[in-house]
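A.B. asks: Here it is: the structure, laid out below.
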């Protein structure tokens, strides 16, 4: 199982969420708390929206806990919207191109989970990717392929519907090959304006996903930090697992639902896979 | 342009050819002499036949000149048949899975050259790979794809014919997409029994390839080395460019031809691409 | 805490101990069982005695579980005497030169533990290293420095006494700087003829160390392996923690003692630090 | 020989100098033009002054031309003062801690050149480093050691004098050991306020160093770039070798001299090594 987090709100240094709490993302790279206590140390990534059209991307195959460049970067930059991922490989090699988040134009995408029997299904799934974006696939993971299927199915126009079509297509393809529970996923996607998160699995076991209750929740994580106390109510963090033990801060995002963080009121809606028509 | 070498003959340490001559393969990683004087430093590999069914494989993204593990390995092991490759990337990422040689069962494969307009052709070429070996493709290079096309077209049964079908298929696919000169290649392939090398290009520029004249040629490279003086006449090295300046040692393998090193007499035959029927 | 193992006996592939048991060394890289359940994933090494004067060395900063080169090498080579180490860094960077084992001529050395307040003591300890071997230190760990202190104090001539002098010198230096418990160590050292292991700590907490009871113990680990059943009685494995759960196989090496595996009868003696006279 | 550049002036993206000219620093990583045409591909670094007290640091052992993270970072950040270095190792390992620039507090330091017979002199030079900063040395290069000698000899208080004392001390130490020409160096140092560069060698061969003539020189490098046309006259780049072929842009900094870029008028002064009194 991988772990990821995504942040939307007043500009902060990513280090705030990657390093500065008891169970920060980097601490989770040593071992998670909700998925068996194993390391998530097969590569890492940080994607952030800054002053350029494209978001910035830092990816590395080193375990996050020992990556000095990640620490530097996470402390130097500030961003109002970023996502970070630590990988636990499920069959594809540990390589930079297999690290999340993946990027296409303004879009970033991160995933925790897997396509079951991926090597059986991979060829067929690859064929469904729009040929015009095929060469943007530089690695070999199921996750990057899911991203490009979502792009193929309209991520830029109808983000959640495209994610549902992707999930539906993966499930339909799997079922055709007698894979009983083809998909397990929590995903984050963003175009730099909104942050989309979804939690879904074909079977009864669903990877964990949480959202910070509101900005006051984030403030409570850092009682001594003057600056974070002035956070607007827009600020949200979505995480694979809570960054600390304070009660009341993290709300579970239920299986089969999606959460959209955006200017104005957030949305929480059902997530129902359906193959493209 | 990449550089490679392959050896067949009495068991030697790979270091003999990788390190111990003036223009050894590792020296060529700093800069070649026949392709513009640029570094070949986007990864390296050594594949060798030892005591196991499968050949051993060491691959690394480090420049060869600074890779301490390569030096260790090349000095510790001995092998009667090995190939080594240093990469100059032509568009695909510097990653371990993109390093040559590639392996499938008993087969090893290395390549210098490129498929022109690869990102245009890649999807279509991938589709032609036998689905049963599709998941053996772990990287994203044109080279690894060429290997799997050759495997698809019968490499195990008719090695040279399969390489010709692969080359013909790449050319036909390219021409269909208006790529004028789709293929540039010198390749090495082996099943552990024989060593196959071919030199071919769709256009007038053809990457260089040489074979050592005979075992006496190899002996002459190391006049002071007692042991190498006892080499049998079977010993051959095939190289992208000569490892030294001694005249008479290296014979050019002409464009459009293939060379087979094997027990008994070597063969030198024409290489004529032809798409599978 | 790091983990290591060392083997002496009939030639085997290192994979036998690194991969082929339930709690093999590579499995311990995900998490150990006797030191808190944390990963040992800050680099790895394999040193083996083969056909050359110097032992071979493979070292890498990748987590062992994902290192494809280690897997290849551990399956291809055979050796009657090797040691392998997986690192959990205690303050010095994750780099290849900081990976164990360390080598000097015929000697290999691996360590689990630490010098307390190392950065306070490092300069003074470095100064005690024989200037003639000073430049053989290429990394920055306490472990490599301990090895060079042992070499300085006569490792080649009186191995155990030199290790005791090293430990005594570290303790004396620490105490002079008010470090209460300066040393925590299990170490392996070999000259290719004998295998020396010692277990010691300045304080009450001592890292774990075990030796296989006898060759029948190793045979029992692999009941289905024809070949290992023919092992001679000389074969021994020394390990930071047991490779499996079978009772009766692993004997603890008590704190403050050393174990020597050698042709003929093994020795088990007291280990008593004493600074060089 | 390594290559480096340093920039002081209006904030720009480092990519402007690292990528966007014909003979940019990253192009020099494939091969330099003034030092034999060899690659400078044994690691790289970028240090930049941003919004934190400490400058940011990105270092990697990958050849610069293929390092995707460097490209991202160099395009995302903006800085009024940065330095970047590409390494050609001269005896010490290719490792992240051996990559320039080195940092201590607010200070950054980069070096092209070498201490001759470094392994002979290293121990003695190390001993001269102020024990209070000794543990800030995390690598093993002569360059990092030169930086810490300069810090020991007063870099923070009298930057140029401290660099002269460092150079003098290295020379005196070398001469004591019969090293004829102990030092070869171009160095860059900065505290975030000023940029110090010096060029010196003990013998007749001196590594190259250039400074952009004035801001109009930088503007001329990018005639089509609106934004750079508005550069203030403070802007300066100091480079190991010119980034392009335009005449009149680059002025050689003569051997045995130093150049200080600072608010107000720059200074060009003699550089005369003298061991600390």
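A.B. asks: Could you calculate the contour length gain from residue D:10 to residue D:262, that is, 0.36 nm times the residue separation minus the distance between their Cα atoms, to one decimal place in nm? Please report the intermediate quantities before stating the final value.
C.D. replies: On the way: separation 252, 0.36 × 252 = 90.72 nm, distance 1.23 nm.
Result for the pair: 89.5 nm of gain on full extension.
A.B. asks: Any idea what the relative contact order of the stretch D:30-181 is, in percent, if you count C-alpha pairs under 8 Å spaced at least 6 apart?
C.D. replies: Details: 215 pairs, mean separation 27.8, N = 152.
Computed over the stretch D:30-181, the figure is 18 percent.
A.B. asks: Determine, from the Cβ-Cβ distance of residue D:33 and residue D:232 and an R0 of 35 Å, the FRET efficiency 1/(1 + (r/R0)^6), rounded to the nearest 0.05.
C.D. replies: 0.75
A.B. asks: Taking beta carbons within 10 Å but only from partner chains, what does the mean come to for residues C:71-77? Please report the intermediate quantities before stating the final value.
C.D. replies: Details: counts 1, 10, 8, 0, 4, 13, 7.
Whole-number average of other-chain Cβ neighbours for C:71-77 is 6.
A.B. asks: As I understand it, the value is the acute angle between the Cα axis of helix B:159-176 and the longest principal axis of the Cα atoms of chain B; what does it come to in degrees, rounded to 10?
C.D. replies: Relative to chain B, helix B:159-176 is tipped by roughly 40 degrees.
A.B. asks: Using Cα-Cα distances under 8 Å and only pairs 6 or more residues apart, what relative contact order does the stretch C:1-95 have, in percent?
C.D. replies: Values: 184 pairs, mean separation 40.3, N = 95.
Once normalised by length, the contact order is 42 percent.
A.B. asks: While we're here: Can you divide the C-alpha Rg of the stretch B:131-197 by 2.2 N^0.38 Å and report the result to two decimal places? Please list the in-between numbers first.
C.D. replies: Numbers: Rg = 12.3 Å, N = 67, 2.2 N^0.38 = 10.9 Å.
Here the Cα radius of gyration is 1.13 times the empirical estimate.
A.B. asks: Also, I was wondering about something else. Mind checking the mean number of beta-carbon atoms from other chains within 10 Å of the Cβ atoms in D:133-145? Walk me through the numbers before you get to the answer.
C.D. replies: Details: counts 0, 6, 9, 1, 3, 5, 5, 7, 0, 0, 0, 0, 0.
Mean number of neighbouring Cβ atoms from other chains: 3.
A.B. asks: Additional query: Just counting partner chain Cβ atoms within 10 Å, what average do the residues of peptide B:90-102 show around their Cβ? Please list the in-between numbers first.
C.D. replies: Numbers: counts 0, 1, 3, 7, 9, 11, 9, 9, 2, 0, 0, 0, 0.
Mean partner-chain Cβ count within 10 Å for B:90-102: 4.
A.B. asks: Also, I was wondering about something else. Give the angle, between 0 and 90 degrees and rounded to the nearest 10, that separates the Cα long axis of helix B:118-127 from the longest principal axis of the Cα atoms of chain B.
C.D. replies: 80 degrees
A.B. asks: Run through all the Cα pairs of the stretch D:78-141 and give the fraction in each 5 Å bin from 0, expressed as whole percent.
C.D. replies: Binned Cα distances yield the sequence 3, 14, 23, 27, 19, 9, 3, 1, 0.
A.B. asks: Moving on. Quick one: Debye curve from the alpha-carbon atoms of the protein assembly as shown only, equal weights, vacuum; give me log10 I(q)/I(0) at q = 0.07 Å⁻¹ to two decimals.
C.D. replies: Here log10 of I(q) over I(0) equals -0.70.
A.B. asks: Follow-up. log10 I(q)/I(0), Debye, Cα-only chain B, no solvent, q = 0.10, 0.13, 0.14 Å⁻¹?
C.D. replies: Normalising to I(0) and taking log10 leaves -0.45, -0.79, -0.93.
A.B. asks: Percent relative contact order of chain A, based on C-alpha pairs within less than 8 angstrom and at least six residues apart? Kindly include the intermediate steps, with their values, before the conclusion.
C.D. replies: On the way: 626 pairs, mean separation 56.1, N = 277.
Once normalised by length, the contact order is 20 percent.
A.B. asks: Grab the beta carbon distance between residue A:138 and residue B:178, set R0 = 25 Å, and tell me the FRET efficiency rounded to 0.05.
C.D. replies: On the way: r = 25 Å, r/R0 = 0.99.
That gives a FRET efficiency of 0.50.
A.B. asks: Based on the mean of other Cβ atoms within 10 Å per residue, sort peptides D:261-269, D:85-93 so the most packed one is first. Please report the intermediate quantities before stating the final value.
C.D. replies: Values: D:261-269: 12.7, D:85-93: 22.4.
Taking the mean over residues of other Cβ atoms within 10 Å, the ranking is D:85-93, D:261-269.
A.B. asks: Another question, if that's okay. Over the stretch D:67-112, one equal point on each Cα, no solvent: what is log10 I(q)/I(0) by the Debye formula at q = 0.25 Å⁻¹?
C.D. replies: Here log10 of I(q) over I(0) equals -1.12.
A.B. asks: Is the stretch B:115-168 rounded, prolate or oblate when judged by the Cα gyration tensor, a ≥ b ≥ c being the square roots of its eigenvalues, rounded requiring a/c under 1.5 and prolate requiring a/b larger than b/c?
C.D. replies: Numbers: a/c = 2.03, a/b = 1.32, b/c = 1.53.
Oblate, since a/c reaches 1.5 and b/c is not below a/b.
A.B. asks: Going by alpha carbons, how many degrees (0 to 90, nearest 10) lie between the helix axis of B:142-152 and the longest principal axis of chain B?
C.D. replies: With both axes taken from Cα atoms, the answer is about 80 degrees.
A.B. asks: Add -39500 (n - 2.57) for each DSSP H run of 4 or more in chain A, then divide by its residues: what number comes out at 222 nm, to the nearest 500 deg cm²/dmol? Each step should come with its number before you reach the end.
C.D. replies: Working: 7 runs with 65 residues, N = 277.
Mean residue ellipticity at 222 nm (helix-derived): -6500 deg cm²/dmol.
A.B. asks: Then there's this: Measuring from the lowest to the highest alpha carbon on each principal axis, how far does the stretch B:104-218 reach, largest first, in angstroms?
C.D. replies: Extents along the principal axes, in whole Å: 47, 35, 23.
A.B. asks: Continuing with the same structure: If you take the Cα Rg of the stretch B:41-158 and divide it by 2.2 N^0.38 Å, with N the number of residues, what do you get?
C.D. replies: Working: Rg = 14.5 Å, N = 118, 2.2 N^0.38 = 13.5 Å.
Relative to the 2.2 N^0.38 Å estimate, the stretch B:41-158 comes out at 1.08.
A.B. asks: By counting other Cβ atoms within 10 Å of each Cβ, how are B:116, B:142 ranked from fewest to most?
C.D. replies: Result, fewest neighbours first: B:116, B:142.
A.B. asks: Here is a further query. Just to be sure I understand the model, the point goes 7 Å from the Cα along the line to the Cβ. What's the resulting residue D:51 to residue B:127 distance in nm?
C.D. replies: Spacing of the two 7 Å Cα→Cβ label points: 4.9 nm.
A.B. asks: Need one number: the % of Cα-Cα pairs in the stretch A:197-277 sitting beyond the 23 Å mark.
C.D. replies: Details: 943 of 3240 pairs.
Across the stretch A:197-277, Cα pairs with separations above 23 Å total 29 percent.
Every number in this text was worked out from the coordinates using simple rules, so none of it is lab data. Just so it is clear, the model here is predicted, and its values are computed rather than measured. Note that each Cβ is placed from the backbone with ideal geometry, even for glycine, and that neighbours are counted across all protein chains shown.
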